[in-house]
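Below is one structure, written out as C-alpha cells; the observations come after it.
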Amino acid sequence: GVENPVFEPPIPGLSSQRQAAPSAAGPDVLSAEEGPCGWGRFVPKALQLCNNAEGYLAAYSLLAIFQGIVVNGLINISISTIEKRYELNSSLTGLISSSYDIAFCILSLFVSFFGESGHKPRWLAFSAFMLGLGSLTFSLPHFTSGKYHYGTKIEDTCQIPGTSSANFTCSTSTRSSLSSYLYVFILGQLLLGIGGTPLYTLGTAFIDDSVPKNKSSIYIGIGYAMSLMGPAIGYILGGQLLNIYIDIQIPERQDTIYAKMDRDDPRWLGAWWIAFLACFFAMWLLVIPFSCFPKHLPGTAKIQAEKISETHNDGSEALVETKNIGKSFRDFPMTLLILLKNPVLMSLIIASASEALVATGFATFLPKFIENQFGKTPSFSATLGGLVLIPAAALGQIISGILVSKCKMDCKCVIKFTIGTCSVALLLSTMFLFAKCGNEPFAGVSETYNGTGTLHNLTAPCNANCKCLRAMYYPVCGRDEVQYFSPCFAGCASQLFNLEKTYHNCSCIGKPKVEIGSEDFLYEAVPGKCPPKCGLLPLFLATFFFAVVFTFMAVTPTTVAILRCVPDKQRTFALGVQSVFLRLLGTIPGPILFGAAIDNSCTLWDINECQTTGACWVYDNENMAYQLMGISAACKLITIIFVVIAVWLYKPPPASAALSEKSSGMVSTVH
C-alpha cells in the first residue's frame, strides 16, 4: 500500500527533479566551460596529463601543506622568540595569532557565496598569492629591525663603590620601538587569513564538483590529511631552525661579558624567519599550476548530471524548496536566518567553538608551557609540542570517523558519541593538577637572599652597593642551588675563564646544600638557570596526548551531525556559519585568553633602564598550570552542556520521511 517510485512509470521531468543541482549552470554550459590546461592559446600537451582531479588534488594538497606549515606550525613555535625579540607580552602575541581568524571570519561567508559560480582554480591562485605575501610580510620585521643586540658594554659582576661604571640616561630616543612591529605581524596574519579563506571553502567545493559522489569523500579526505601534515612539518622544521642563531652568525664581542653565547642561554634567539621566507617562494610558485586549470575539469558536466540528491527531510527543507531560497544574493539573509533558528545546529556550533578555544590556545602556547614548566629550550619545546599535538589530533579524527562509519550511527547516536569523548577529555584535563612542576628557588622572586631582603625585590643588603641593572637578565646558578637574576645581583665580584666561565667572591650566595667532601666548591656560581629537578615531563606528554586524541574525536562526529540536521541545499552554508562562529567564539579569543592567563602568572617582567615593560622572564609554574586547567575544564563543561542540549532538542524525521529517503537511494541505484 506504499507507493514505491522505483516501480512508477517514467514521468517527463522527474529525473531532472530528483537529480541534484550543484550548479546554476546547465550541463551544456558546464561542458562549454570545460577546457584544456594552459594559459589562453598556450596549452602544452604535457600539461593535459594534469588536467584531471588527481592533478588538481596534488596542487591543492601542496598548498594546504604550506598553509598549515606557516599558519598552524611556524607561527605557533615562533611566538616565544617573537615575544623576546620585539618586547611583546603574551596577550599581544595572542592577538597576533587571532588575526588570521579575524580575516577568515569576515570573508568566509562572502567568499563561499560569490566564489560558488566563479572560476574556482583562479580563486585558488589568488589564495596562493596572498598566502605567500602574508608569509613574506610576517618575516619583514627581521630585515628592518636591525641585528639582535643581546648584551651591553657593562660589567656583569658587582662593581665596588668608587669604580667607574656605565651610566644610562633615559630619553625618548633611547626607548625601544621594537614593539611597534606588532602591527606588521598582524598585517601578515590578516593577509594569510585572506589567502586561507578560498582554500578551505572553494578549494574543497571544486573537488566535490569534479569527482563522482562515491569518490568525493576519498579525495577530500586526502586533501585534509595533507593539511594535517603542514603543522607537523612546521613544528619540526621551525624547531630545528631555532637552533640557528637569529642573525646566523654569533657576533664575537670580547669587550663584553657575552663573548660567547650558546642555546642554553636564556637570551638566545633562533632564526625564526628562515622558514617563512622559504614558504613565501614555495607558495608563489603554486600560483602557476592553479592559474592553468580551466573553470571546470573535463567530465564535470557528466559527473554533475549523474549526481542524485540526498536531501534530509526536516521542517526547514519544505521552506527552502517552495521558496527556492539560495538562488540570489537577496536570499542571503533568509538563508542565514533559517540556520540560526535551528536550535540543534546552534547548540552543536557553540559546543565546537568551545572546543576550538581550548585547541587553539594550547596549539599557540603549548611550546611555551613546556619551556617554562619543565625547563626546556624553545626549540626542544617546539619539537615536543609538534610531536604530541599533530599526531594526536590526526589520530582522534581518524578513529572517530571509523567508529561512526562502522557502527552506522544515526544523528542522535553521533551526538551521544560526542558526549562520551568530551567527558573523557574533561577527566584527562585534570592532569595539570598532577603533572606540574614547581619553580626552582630564585633569589628575590620566590625566596629571600639567605633570609635577608624581601620577596619580589631583587635588591638586598648583600648587593645593594653593586650598582646592578634589572635590564640585564643573565641568570646564574649558585652553589647553594638557588638561581640569581645576574652575577651582579648574586654579589659576585670576580670571574674566571677556563673551560667554562665561573664566578667567585659572591656575597649573596650561601654554602652548598650538599657537602661533597671538600670545604668549598671550585666555583660559587655558573652561568645559566639551575637544572630542573622535576621529572614529570613524560607523564604530562602521555596524558596530554590522550587528552588531545579524545578532544579531536569529537570533531568528525560534530561535523557529521551538523551536515545531517540541516537541509541538503544548506549544508555547505551551514559549515560556513560554523566556521564563522568557530572563530568568533573559539579560535579568536582562545590565544588571547590563554595569553592573558599566562601573563597573569608572571612573577618577573623584563624592565629596561627606561622602566619600559617587555616580555616576561619568570612565571609561577603552579599558577600557570591551575589557570590553564581552569580554562580547559570550563570549556569542556560548556561543550558537554550544549551537546546534551542538542540531543534533547533533536527530533528525527518521521518514518514516512525515512522511507522516502530510502526510496531515493533505490532510485539512485537504478540510475
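Below is a table of values for the structure above.
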{"item": "Relative packing of 186-193, 280-287, 38-45, which averages over residues the other C-beta atoms within 10 Å, highest first", "result": "186-193, 280-287, 38-45"}
{"item": "Value of relative contact order over region 386-495, rounded to a whole percent, pairs C-alpha under 8 Å and six or more apart", "result": "16 percent"}
{"item": "Under 5 Å, built H, 5+ apart or other chain: amide partners of LEU604", "result": "TRP617, VAL618"}
{"item": "Chain lengthening between PHE114 and SER405 when straightened (0.36 nm per residue, less Cα-Cα)", "result": "101.4 nm"}
{"item": "Inter-label distance, nm, simple model (7 Å from Cα along the C-beta direction), THR452/LEU337", "result": "7.7 nm"}
{"item": "Above-threshold pairs, the threshold being 30 Å between Cα atoms, out of LYS368/LYS412; LYS368/LYS501; LYS120/LYS416; LYS467/LYS511", "result": "LYS368/LYS412; LYS120/LYS416"}
{"item": "Spin-label model distance (nm) - SER179 vs THR613, 7 Å beyond Cα toward Cβ", "result": "0.9 nm"}
{"item": "Full-stretch length increase - TYR224, TRP284 - with 0.36 nm per residue and alpha-carbon distance subtracted", "result": "19.5 nm"}
{"item": "For region 335-402: rounded, prolate or oblate by the Cα gyration tensor [a/c cutoff 1.5]", "result": "prolate"}
{"item": "³J(HN,Hα), Karplus 6.51/-1.76/1.60, whole Hz, each residue of region 585-590, x for Gly, Pro", "result": "9, x, 6, 7, x, x"}
{"item": "Ranked by how many other beta carbons lie within 10 Å on average, peptides 375-386, 290-301 from highest", "result": "375-386, 290-301"}
{"item": "Under 5 Å, built H, 5+ apart or other chain: amide partners of PHE442", "result": "GLU447, GLN483"}
{"item": "Share, in percent, of DSSP beta bridges within region 441-531 that are antiparallel, nearest 5", "result": "85 percent"}
{"item": "Relative contact order (%) - region 441-531, alpha-carbon pairs under 8 angstrom, separation at least six", "result": "28 percent"}
{"item": "Loop chymotrypsin sites (Phe, Trp or Tyr not before Pro), region 432-503, which have at most 14 other Cβ atoms in a 10 Å radius of their Cβ (DSSP)", "result": "PHE434"}
{"item": "Spread of Cα-to-Cα distances over 5 Å intervals beginning at zero, given as percent, for region 404-549", "result": "2, 9, 14, 15, 11, 9, 8, 7, 6, 5, 4, 4, 4, 3, 1, 0"}
{"item": "Label point distance in nm, ALA542-HIS149, each placed 7 Å from Cα along Cα→Cβ", "result": "5.0 nm"}
{"item": "Unsatisfied cross-links (Cα-Cα over 28 Å) in the set LYS341/LYS406; LYS302/LYS341; LYS436/LYS529", "result": "LYS341/LYS406; LYS302/LYS341"}
{"item": "Unit charges on C-beta of K, R, D, E only; dipole of region 441-531, Debye", "result": "340 debye"}
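Coordinate-derived values only; no laboratory data. Please read all numbers here as calculations on a predicted model, not as lab measurements. Glycine also receives a Cβ, built like all others from the backbone with ideal geometry; neighbour counts cover every protein chain displayed.
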